[in-house]
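Each remark here refers to the structure printed beneath this line.
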(Lines give C-alpha, C1' and ligand atoms only; values in the text may rest on other atoms or scores of the structure.)
Protein backbone atom coordinates (compact mmCIF):
# COMPACT_ATOMS: atom_id res chain seq x y z
CA UNK A 1 0.00 0.00 0.00
CA UNK A 2 1.49 3.40 -0.95
CA UNK A 3 2.18 5.77 1.95
CA UNK A 4 -0.33 8.51 2.71
CA UNK A 5 0.59 11.94 1.33
CA UNK A 6 2.07 14.43 3.76
CA UNK A 7 -0.68 16.95 4.48
CA UNK A 8 -0.24 20.58 5.49
CA UNK A 9 -2.74 22.92 7.18
CA UNK A 10 -3.27 24.57 3.80
CA UNK A 11 -4.46 21.27 2.31
CA UNK A 12 -7.36 21.52 4.76
CA UNK A 13 -7.93 25.16 3.83
CA UNK A 14 -8.16 24.11 0.18
CA UNK A 15 -11.01 21.77 1.09
CA UNK A 16 -12.75 24.68 2.85
CA UNK A 17 -12.33 26.77 -0.31
CA UNK A 18 -13.83 24.02 -2.47
CA UNK A 19 -16.71 23.61 -0.03
CA UNK A 20 -17.37 27.35 0.07
CA UNK A 21 -17.50 27.62 -3.73
CA UNK A 22 -20.43 25.21 -3.79
CA UNK A 23 -22.47 27.46 -1.51
CA UNK A 24 -21.87 30.80 -3.19
CA UNK A 25 -24.86 32.51 -4.74
CA UNK A 26 -24.20 33.82 -7.30
CA UNK A 27 -21.26 31.50 -8.10
CA UNK A 28 -17.88 33.13 -7.59
CA UNK A 29 -15.13 30.50 -7.98
CA UNK A 30 -12.29 31.74 -5.78
CA UNK A 31 -9.89 29.07 -7.06
CA UNK A 32 -10.25 30.44 -10.60
CA UNK A 33 -10.05 34.14 -9.77
CA UNK A 34 -7.18 34.02 -7.26
CA UNK A 35 -3.69 34.59 -8.69
CA UNK A 36 -0.54 34.19 -6.61
CA UNK A 37 1.10 36.90 -8.74
CA UNK A 38 -1.25 39.44 -7.16
CA UNK A 39 0.26 38.71 -3.75
CA UNK A 40 3.79 38.91 -5.11
CA UNK A 41 3.54 42.11 -7.18
CA UNK A 42 0.50 44.10 -6.02
CA UNK A 43 -0.25 43.41 -2.36
CA UNK A 44 3.16 44.29 -0.79
CA UNK A 45 2.97 48.01 -1.62
CA UNK A 46 -0.50 48.24 -0.10
CA UNK A 47 0.57 46.10 2.87
CA UNK A 48 3.24 48.73 3.56
CA UNK A 49 0.78 51.63 3.31
CA UNK A 50 -1.62 49.80 5.61
CA UNK A 51 1.16 49.08 8.12
CA UNK A 52 2.13 52.76 8.24
CA UNK A 53 -1.46 53.89 8.77
CA UNK A 54 -2.01 51.24 11.44
CA UNK A 55 1.09 52.23 13.38
CA UNK A 56 0.10 55.89 13.24
CA UNK A 57 -3.21 55.00 14.91
CA UNK A 58 -1.35 53.19 17.68
CA UNK A 59 0.59 56.39 18.49
CA UNK A 60 -2.64 57.79 19.92
CA UNK A 61 -3.52 57.42 23.62
CA UNK A 62 -5.55 54.38 24.70
CA UNK A 63 -9.03 55.92 24.95
CA UNK A 64 -8.60 57.54 21.53
CA UNK A 65 -7.41 54.29 19.94
CA UNK A 66 -10.53 52.58 21.27
CA UNK A 67 -12.77 55.25 19.77
CA UNK A 68 -10.97 54.99 16.42
CA UNK A 69 -11.41 51.20 16.36
CA UNK A 70 -15.14 51.50 17.06
CA UNK A 71 -15.44 54.22 14.39
CA UNK A 72 -13.82 51.89 11.84
CA UNK A 73 -16.37 49.19 12.67
CA UNK A 74 -19.14 51.77 12.23
CA UNK A 75 -17.81 52.83 8.82
CA UNK A 76 -17.22 49.23 7.64
CA UNK A 77 -20.85 48.51 8.57
CA UNK A 78 -21.92 51.20 6.12
CA UNK A 79 -22.37 53.84 8.85
CA UNK A 80 -25.04 51.68 10.42
CA UNK A 81 -25.22 50.65 14.05
CA UNK A 82 -27.78 49.35 16.51
CA UNK A 83 -28.88 51.01 19.71
CA UNK A 84 -28.91 47.78 21.66
CA UNK A 85 -30.86 48.05 24.94
CA UNK A 86 -28.83 45.14 26.35
CA UNK A 87 -25.42 46.75 25.86
CA UNK A 88 -25.20 48.87 29.00
CA UNK A 89 -26.50 46.11 31.28
CA UNK A 90 -24.28 43.40 29.79
CA UNK A 91 -21.25 45.68 29.94
CA UNK A 92 -21.83 46.38 33.63
CA UNK A 93 -22.40 42.69 34.26
CA UNK A 94 -19.09 41.74 32.58
CA UNK A 95 -17.21 44.33 34.65
CA UNK A 96 -18.77 43.06 37.88
CA UNK A 97 -17.84 39.45 37.11
CA UNK A 98 -14.27 40.48 36.21
CA UNK A 99 -13.94 42.40 39.48
CA UNK A 100 -15.29 39.42 41.45
CA UNK A 101 -12.75 37.13 39.80
CA UNK A 102 -9.99 39.63 40.62
CA UNK A 103 -10.98 39.73 44.28
CA UNK A 104 -11.09 35.93 44.41
CA UNK A 105 -7.85 35.13 42.60
CA UNK A 106 -5.81 38.32 42.93
CA UNK A 107 -5.32 38.49 39.16
CA UNK A 108 -7.33 40.30 36.52
CA UNK A 109 -8.99 37.70 34.28
CA UNK A 110 -8.09 36.77 30.75
CA UNK A 111 -10.92 38.23 28.63
CA UNK A 112 -12.24 36.45 25.55
CA UNK A 113 -15.19 37.98 23.68
CA UNK A 114 -16.59 35.42 21.25
CA UNK A 115 -18.97 36.26 18.42
CA UNK A 116 -20.97 34.34 15.87
CA UNK A 117 -20.31 34.98 12.16
CA UNK A 118 -23.11 36.70 10.19
CA UNK A 119 -23.34 36.40 6.43
CA UNK A 120 -20.73 38.29 4.44
CA UNK A 121 -23.17 39.35 1.72
CA UNK A 122 -26.72 40.60 1.49
CA UNK A 123 -28.82 42.90 3.66
CA UNK A 124 -27.29 41.69 6.94
CA UNK A 125 -23.61 41.85 5.95
CA UNK A 126 -23.21 44.94 8.17
CA UNK A 127 -23.76 42.78 11.25
CA UNK A 128 -20.22 41.36 11.05
CA UNK A 129 -18.84 44.73 12.07
CA UNK A 130 -21.64 45.66 14.46
CA UNK A 131 -20.94 42.54 16.53
CA UNK A 132 -17.31 43.65 16.80
CA UNK A 133 -18.27 47.25 17.62
CA UNK A 134 -20.47 46.21 20.53
CA UNK A 135 -17.81 43.73 21.67
CA UNK A 136 -15.24 46.56 21.60
CA UNK A 137 -17.54 48.67 23.80
CA UNK A 138 -17.54 45.89 26.42
CA UNK A 139 -13.78 45.39 26.02
CA UNK A 140 -13.14 49.11 26.59
CA UNK A 141 -15.16 49.07 29.81
CA UNK A 142 -13.17 46.05 31.05
CA UNK A 143 -9.87 47.79 30.23
CA UNK A 144 -10.95 50.87 32.19
CA UNK A 145 -12.10 48.75 35.14
CA UNK A 146 -8.82 46.81 35.39
CA UNK A 147 -6.54 47.49 38.40
CA UNK A 148 -3.99 50.35 38.05
CA UNK A 149 -1.05 47.98 37.72
CA UNK A 150 -2.45 46.51 34.48
CA UNK A 151 -1.38 48.60 31.45
CA UNK A 152 -4.17 50.04 29.30
CA UNK A 153 -3.68 48.36 25.94
CA UNK A 154 -6.23 48.28 23.08
CA UNK A 155 -8.29 45.10 22.68
CA UNK A 156 -7.28 42.71 19.93
CA UNK A 157 -9.59 41.37 17.23
CA UNK A 158 -8.63 38.01 15.73
CA UNK A 159 -9.13 38.29 11.96
CA UNK A 160 -8.30 36.38 8.79
CA UNK A 161 -6.34 38.36 6.17
CA UNK A 162 -5.77 35.73 3.48
CA UNK A 163 -7.12 36.19 -0.08
CA UNK A 164 -9.92 33.67 0.58
CA UNK A 165 -11.21 35.76 3.49
CA UNK A 166 -10.97 39.02 1.48
CA UNK A 167 -11.93 37.87 -2.00
CA UNK A 168 -14.99 40.15 -2.14
CA UNK A 169 -12.80 43.28 -2.39
CA UNK A 170 -10.16 44.34 -4.98
CA UNK A 171 -6.56 43.19 -4.52
CA UNK A 172 -5.23 46.65 -3.50
CA UNK A 173 -7.90 46.83 -0.78
CA UNK A 174 -6.95 43.32 0.35
CA UNK A 175 -3.34 44.42 0.74
CA UNK A 176 -4.24 47.65 2.53
CA UNK A 177 -6.61 45.85 4.92
CA UNK A 178 -4.10 43.09 5.66
CA UNK A 179 -1.29 45.54 6.43
CA UNK A 180 -3.47 47.84 8.53
CA UNK A 181 -5.00 45.02 10.56
CA UNK A 182 -1.61 43.35 11.10
CA UNK A 183 -0.39 46.57 12.71
CA UNK A 184 -3.52 46.84 14.89
CA UNK A 185 -4.77 43.37 15.67
CA UNK A 186 -4.16 39.63 15.72
CA UNK A 187 -4.32 38.38 12.14
CA UNK A 188 -4.11 34.93 10.57
CA UNK A 189 -3.11 34.20 6.99
CA UNK A 190 -4.45 30.72 6.27
CA UNK A 191 -2.74 30.76 2.84
CA UNK A 192 0.69 31.79 4.07
CA UNK A 193 2.49 29.74 1.40
CA UNK A 194 1.21 32.19 -1.24
CA UNK A 195 2.90 35.16 0.45
CA UNK A 196 5.88 36.76 -1.25
CA UNK A 197 9.26 36.78 0.50
CA UNK A 198 8.87 40.32 1.79
CA UNK A 199 5.38 39.59 3.12
CA UNK A 200 6.49 36.42 4.90
CA UNK A 201 9.57 37.98 6.49
CA UNK A 202 8.66 41.66 6.92
CA UNK A 203 5.21 43.00 6.04
CA UNK A 204 3.04 40.09 7.26
CA UNK A 205 5.58 38.39 9.48
CA UNK A 206 4.39 35.63 11.84
CA UNK A 207 0.84 35.50 10.51
CA UNK A 208 0.91 31.85 9.41
CA UNK A 209 -0.19 28.58 11.01
CA UNK A 210 3.06 28.03 12.91
CA UNK A 211 2.74 31.23 14.96
CA UNK A 212 -0.91 32.13 15.23
CA UNK A 213 -1.86 30.06 18.31
CA UNK A 214 1.11 31.36 20.33
CA UNK A 215 0.32 34.95 19.32
CA UNK A 216 -3.27 34.55 20.51
CA UNK A 217 -2.14 33.20 23.89
CA UNK A 218 0.34 36.05 24.34
CA UNK A 219 -2.32 38.61 23.40
CA UNK A 220 -4.80 37.16 25.90
CA UNK A 221 -2.32 37.85 28.69
CA UNK A 222 -2.19 41.54 27.71
CA UNK A 223 -5.51 42.50 26.15
CA UNK A 224 -9.14 41.49 25.77
CA UNK A 225 -9.37 39.41 22.58
CA UNK A 226 -12.39 39.34 20.27
CA UNK A 227 -12.86 36.48 17.84
CA UNK A 228 -15.55 34.80 15.79
CA UNK A 229 -15.89 31.55 17.74
CA UNK A 230 -17.38 29.86 14.70
CA UNK A 231 -14.31 30.68 12.61
CA UNK A 232 -16.48 31.39 9.56
CA UNK A 233 -19.87 30.93 7.96
CA UNK A 234 -21.73 27.82 9.19
CA UNK A 235 -20.97 25.65 6.13
CA UNK A 236 -17.25 26.35 6.54
CA UNK A 237 -17.22 26.40 10.34
CA UNK A 238 -18.60 22.86 10.50
CA UNK A 239 -15.61 21.61 8.52
CA UNK A 240 -12.91 23.90 9.89
CA UNK A 241 -13.73 23.35 13.55
CA UNK A 242 -16.44 20.77 14.23
CA UNK A 243 -14.95 18.11 11.92
CA UNK A 244 -11.25 19.01 12.04
CA UNK A 245 -11.18 19.28 15.82
CA UNK A 246 -13.23 16.09 16.17
CA UNK A 247 -10.22 14.20 14.81
CA UNK A 248 -7.93 16.13 17.15
CA UNK A 249 -9.88 14.94 20.21
CA UNK A 250 -9.84 11.24 19.33
CA UNK A 251 -7.89 8.98 21.63
CA UNK A 252 -6.32 6.22 19.56
CA UNK A 253 -3.51 4.02 20.85
CA UNK A 254 -1.92 3.43 17.44
CA UNK A 255 -2.96 5.63 14.54
CA UNK A 256 -3.33 3.97 11.15
CA UNK A 257 -2.46 7.27 9.46
CA UNK A 258 -1.34 10.75 10.46
CA UNK A 259 -3.88 12.84 12.32
CA UNK A 260 -3.84 15.46 9.58
CA UNK A 261 -4.45 12.84 6.90
CA UNK A 262 -7.42 11.64 8.94
CA UNK A 263 -8.69 15.22 9.14
CA UNK A 264 -8.29 15.60 5.39
CA UNK A 265 -10.19 12.38 4.73
CA UNK A 266 -13.03 13.41 7.06
CA UNK A 267 -13.38 16.90 5.55
CA UNK A 268 -13.36 15.38 2.07
CA UNK A 269 -16.28 13.12 3.03
CA UNK A 270 -18.28 15.93 4.60
CA UNK A 271 -18.01 18.40 1.74
CA UNK A 272 -19.65 16.00 -0.69
CA UNK A 273 -23.45 16.01 -1.21
CA UNK A 274 -25.69 13.33 0.25
CA UNK A 275 -29.40 12.49 -0.01
CA UNK A 276 -30.34 15.42 2.24
CA UNK A 277 -28.13 17.94 0.45
CA UNK A 278 -24.71 19.17 1.52
CA UNK A 279 -23.96 18.10 5.12
CA UNK A 280 -21.92 21.23 5.76
CA UNK A 281 -24.94 23.38 4.86
CA UNK A 282 -27.64 21.42 6.69
CA UNK A 283 -25.57 20.17 9.62
CA UNK A 284 -27.23 16.76 9.18
CA UNK A 285 -25.36 13.48 8.67
CA UNK A 286 -27.37 10.75 6.97
CA UNK A 287 -26.83 7.02 7.43
CA UNK A 288 -24.58 6.73 4.36
CA UNK A 289 -22.24 9.49 5.51
CA UNK A 290 -22.20 8.10 9.06
CA UNK A 291 -21.27 4.66 7.76
CA UNK A 292 -18.39 6.14 5.76
CA UNK A 293 -17.14 8.11 8.76
CA UNK A 294 -17.35 5.02 10.96
CA UNK A 295 -15.30 3.08 8.40
CA UNK A 296 -12.71 5.87 8.50
CA UNK A 297 -12.57 5.74 12.30
CA UNK A 298 -11.99 2.00 12.19
CA UNK A 299 -9.21 2.54 9.64
CA UNK A 300 -7.70 5.17 11.93
CA UNK A 301 -7.51 2.55 14.66
CA UNK A 302 -10.57 2.95 16.88
CA UNK A 303 -12.52 0.07 18.34
CA UNK A 304 -16.12 -0.25 17.03
CA UNK A 305 -17.69 0.73 20.38
CA UNK A 306 -15.49 3.79 20.75
CA UNK A 307 -16.14 4.81 17.14
CA UNK A 308 -19.92 4.65 17.71
CA UNK A 309 -19.66 6.93 20.77
CA UNK A 310 -17.40 9.35 18.92
CA UNK A 311 -19.89 9.57 16.06
CA UNK A 312 -22.61 10.72 18.45
CA UNK A 313 -20.42 13.61 19.59
CA UNK A 314 -19.65 14.56 15.99
CA UNK A 315 -23.35 14.51 15.04
CA UNK A 316 -24.19 16.86 17.91
CA UNK A 317 -21.40 19.35 17.25
CA UNK A 318 -21.78 19.24 13.47
CA UNK A 319 -25.45 20.23 13.75
CA UNK A 320 -24.53 23.54 15.41
CA UNK A 321 -24.01 26.69 13.36
CA UNK A 322 -21.29 27.63 15.85
CA UNK A 323 -19.17 24.62 16.87
CA UNK A 324 -18.51 24.08 20.58
CA UNK A 325 -14.72 24.63 20.24
CA UNK A 326 -13.76 22.12 22.93
CA UNK A 327 -10.09 22.33 21.96
CA UNK A 328 -10.06 26.10 22.57
CA UNK A 329 -11.48 25.60 26.05
CA UNK A 330 -8.96 22.90 26.88
CA UNK A 331 -6.14 25.27 25.94
CA UNK A 332 -7.57 28.16 27.98
CA UNK A 333 -8.05 25.94 31.01
CA UNK A 334 -4.61 24.37 30.74
CA UNK A 335 -2.71 27.58 30.00
CA UNK A 336 -4.53 29.93 32.35
CA UNK A 337 -7.15 28.55 34.75
CA UNK A 338 -5.00 25.69 36.09
CA UNK A 339 -2.22 28.21 36.69
CA UNK A 340 -4.44 30.43 38.82
CA UNK A 341 -5.40 32.97 36.15
CA UNK A 342 -9.19 33.33 35.80
CA UNK A 343 -10.96 33.56 32.45
CA UNK A 344 -13.92 35.77 31.55
CA UNK A 345 -15.91 34.78 28.46
CA UNK A 346 -18.44 37.14 26.85
CA UNK A 347 -20.70 35.51 24.21
CA UNK A 348 -22.18 37.65 21.41
CA UNK A 349 -24.41 36.26 18.69
CA UNK A 350 -26.78 37.60 16.04
CA UNK A 351 -30.22 37.08 14.59
CA UNK A 352 -32.06 38.39 11.54
CA UNK A 353 -34.55 40.63 13.35
CA UNK A 354 -34.30 43.38 15.96
CA UNK A 355 -32.46 43.44 18.22
CA UNK A 356 -29.95 42.01 15.73
CA UNK A 357 -27.12 41.61 18.24
CA UNK A 358 -27.71 39.32 21.21
CA UNK A 359 -25.37 39.83 24.16
CA UNK A 360 -25.22 36.73 26.30
CA UNK A 361 -24.49 36.47 30.00
CA UNK A 362 -20.76 36.55 30.71
CA UNK A 363 -19.18 33.41 32.11
CA UNK A 364 -16.39 33.57 34.67
CA UNK A 365 -14.06 30.64 35.31
CA UNK A 366 -11.76 30.67 38.34
CA UNK A 367 -11.10 26.92 38.51
CA UNK A 368 -11.13 24.08 36.03
CA UNK A 369 -14.61 22.56 35.65
CA UNK A 370 -15.09 19.05 36.98
CA UNK A 371 -16.93 18.11 33.79
CA UNK A 372 -15.37 19.85 30.78
CA UNK A 373 -17.93 18.42 28.36
CA UNK A 374 -20.76 19.94 30.41
CA UNK A 375 -19.00 23.31 30.45
CA UNK A 376 -18.53 23.16 26.70
CA UNK A 377 -22.23 22.40 26.24
CA UNK A 378 -23.15 25.47 28.34
CA UNK A 379 -21.05 27.77 26.16
CA UNK A 380 -22.21 26.13 22.92
CA UNK A 381 -25.87 26.61 23.84
CA UNK A 382 -25.28 30.37 23.97
CA UNK A 383 -24.70 30.37 20.21
CA UNK A 384 -28.00 29.08 18.95
CA UNK A 385 -28.83 31.42 16.06
CA UNK A 386 -32.40 32.71 16.28
CA UNK A 387 -33.65 33.18 12.67
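Assorted remarks:
Results for (1) modelled with pLDDT of 95 or more; (2) not in a helix (DSSP H, G or I); (3) not assigned by TED's automatic domain parsing to the domain that holds residue 127, shown as yes or no for each residue.
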site	(1), (2), (3)
182	yes, no, no
198	yes, no, no
201	yes, no, no
206	yes, yes, no
247	no, no, yes
252	no, yes, yes
260	no, no, yes
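- Only listed residue being surrounded by fewer than 16 Cβ atoms within 10 Å (Cβ to Cβ) and either at positive phi or part of a helix (DSSP H, G or I) (or both), chosen from 95, 40, 65: 40
- Considering residues of the stretch 337-359 that are part of a loop (DSSP other than H, G, I, E, B) and touching a residue at least 60 places away in the same chain (Cβ under 8 Å) only, the residue farthest from residue 135 (Cα to Cα): 340
- Flag for residue 111 being over 25 Å from residue 184 (Cα atoms) and in contact (Cβ under 8 Å) with a residue 12 or more places away in the chain: no
- Whichever residue in the stretch 1-31 is part of a loop (DSSP other than H, G, I, E, B) and under 12 Å from residue 261 (Cβ atoms) and, among such residues, is modelled with the lowest pLDDT: 3
- Subset of the stretch 7-53 [in the same structural domain as residue 178 (by TED's automatic domain parsing) and under 22 Å from the mean Cα position of the chain (by Cα)]: none
Residue-by-condition table, conditions (1) over 20 Å from residue 218 (Cβ atoms); (2) in contact with a strand residue (DSSP E or B) (Cβ under 6 Å, 6 or more places away or on another chain); (3) surrounded by 17 or more Cβ atoms within 10 Å (Cβ to Cβ):
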{"residue": "89", "(1), (2), (3)": "yes, no, no"}
{"residue": "107", "(1), (2), (3)": "no, no, no"}
{"residue": "111", "(1), (2), (3)": "no, yes, yes"}
{"residue": "116", "(1), (2), (3)": "yes, yes, yes"}
{"residue": "125", "(1), (2), (3)": "yes, no, no"}
{"residue": "129", "(1), (2), (3)": "yes, no, yes"}
{"residue": "154", "(1), (2), (3)": "no, no, yes"}
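- Flag for residue 175 being assigned by TED's automatic domain parsing to the domain that holds residue 64 and touching a helix residue (DSSP H, G or I) at 6+ places or on another chain (Cβ under 9 Å): yes
- Residue 364 vs. criteria assigned by TED's automatic domain parsing to the domain that holds residue 264, surrounded by 15 or more Cβ atoms within 10 Å (Cβ to Cβ), more than 18 Å from residue 270 (Cβ to Cβ) and touching a residue at least 24 places away in the same chain (Cβ under 8 Å): no
- Residue selection: residue 101 fails the criterion of being part of a helix (DSSP H, G or I), out of contact with any helix residue (DSSP H, G or I) (no Cβ under 8 Å at 6 or more places or on another chain) and within 29 Å of residue 10 (Cα to Cα).
- When the stretch 221-240 is limited to residues that are part of a helix (DSSP H, G or I) and touching a helix residue (DSSP H, G or I) at 6+ places or on another chain (Cβ under 8 Å), the one that is surrounded by the most Cβ atoms within 10 Å (Cβ to Cβ) turns out to be 238.
- Applying the condition of being without any contact (Cβ under 8 Å) to a residue 40 or more places away in the chain and in a loop (DSSP other than H, G, I, E, B) to the stretch 262-304 and asking which residue is surrounded by the most Cβ atoms within 10 Å (Cβ to Cβ) yields 285.
- Some residue of the stretch 327-336 being farther than 19 Å from residue 135 by Cα and outside any helix (DSSP H, G or I): yes
- Residues that are under 24 Å from residue 345 (Cβ atoms) and surrounded by fewer than 15 Cβ atoms within 10 Å (Cβ to Cβ), drawn from the stretch 68-85: 85
The values are calculated or read from the model by the stated rules, or taken from the named source; none is laboratory data. Here the structure is a predicted model, which is why all the values come from computation and not from measurement. Note that we place each Cβ from the backbone using ideal geometry, even for glycine, and neighbour counts take in every protein chain shown.
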